[in-house]
């Protein structure tokens, strides 16, 4: 484990070089978030007091997007897929094949280092924004909800990473992976609940989506925090999320093993 702790240390140092970029990215990400909240406020303003949309009151709707921003800051993949693809395309991955190091574990540690630095960097803008709307933020009353939320958040991070890692490994076969990455991002943005809560959709669509991996990239941990997924649905959801993490891991390992057989590096 010492080598991976060293990777974590180096990863944090390298990522800190982009701390100013992270700060401005976090700050400018608040603009569409604020616009979304203003939009929903306008929608609710045209309704009577206490009105709900698919069971969401105004405070809970605002809470949804605030928690989305937190989950996104903790789990979103930040250019890891581009870096992996570049290492494959440029032949830099050869160095890892000659050393006693697991490449997936290596990239996972770097992903964790990047998330840690990004979280620290965005604390000021995102924390200030959440503090401004703290009056509307609804937090769980049951301590068990926090534990389930933390577990789901961890599984979400793993699922995010494994999916992006697998997309990046397509560089073994194709020169540019941009199209596949953007398709995955679009599916995650819409079917993952980033754009709107999935349970405001017709029930049959929500029921179908819940068996796909996309709600577990964002919507599911948020719904746990807001206590909209409780009881048996909560444990079933965690089971499905764990299942998709396992499948994503196995697929990533399979794609890696197939890609390595095709990979060839020339030169010194």
Cβ pairs under 9 Å, 6+ apart, first in the stretch 209-230 and at positive phi and touching a residue at least 40 places away in the same chain (Cβ under 8 Å), second surrounded by fewer than 24 Cβ atoms within 10 Å (Cβ to Cβ) and part of a helix (DSSP H, G or I) | 227/145
Only one of (1) at pLDDT 95 or above; (2) buried (at least 21 other Cβ atoms within 10 Å of the Cβ) is not met by residue 246, so which one is it?
-> (2)
Can you find a residue in the stretch 135-154 that is assigned to a helix (DSSP H, G or I) and more than 30 Å from residue 198 (Cβ to Cβ)?
-> no
List the helices (runs of 4 or more DSSP H) that sit entirely inside the stretch 168-268 and contain at least 3 residues that are farther than 16 Å from residue 75 by Cα and in contact with a helix residue (DSSP H, G or I) (Cβ under 6 Å, 6 or more places away or on another chain).
-> 178-191, 231-262
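Looking only at the stretch 75-92, filter to residues that are touching a helix residue (DSSP H, G or I) at 6+ places or on another chain (Cβ under 6 Å) and under 30 Å from residue 153 (Cβ atoms); which one of those is surrounded by the most Cβ atoms within 10 Å (Cβ to Cβ)?
The qualifying residue surrounded by the most Cβ atoms within 10 Å (Cβ to Cβ) is 81.
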Qualifying positions in the stretch 199-208 - in contact (Cβ under 8 Å) with a residue 24 or more places away in the chain and surrounded by fewer than 19 Cβ atoms within 10 Å (Cβ to Cβ) = 200
Consider residue 20 against the criteria (1) closer than 30 Å to residue 259 by Cβ; (2) at pLDDT below 80; (3) part of a helix (DSSP H, G or I): it satisfies all of them except one. Which criterion is unmet?
-> (1)
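Would you say residue 104 is under 19 Å from residue 22 (Cα atoms), touching a helix residue (DSSP H, G or I) at 6+ places or on another chain (Cβ under 9 Å) and not in a loop (DSSP other than H, G, I, E, B)?
No; evaluated as a whole, the condition is false for this residue.
The values are calculated or read from the model by the stated rules, or taken from the named source; none is laboratory data. Keep in mind it's a predicted model, so treat the numbers as computed, not measured. Because the Cβ atoms are built from the backbone with ideal geometry, glycine has one as well, and the counts that use them run over all protein chains shown.
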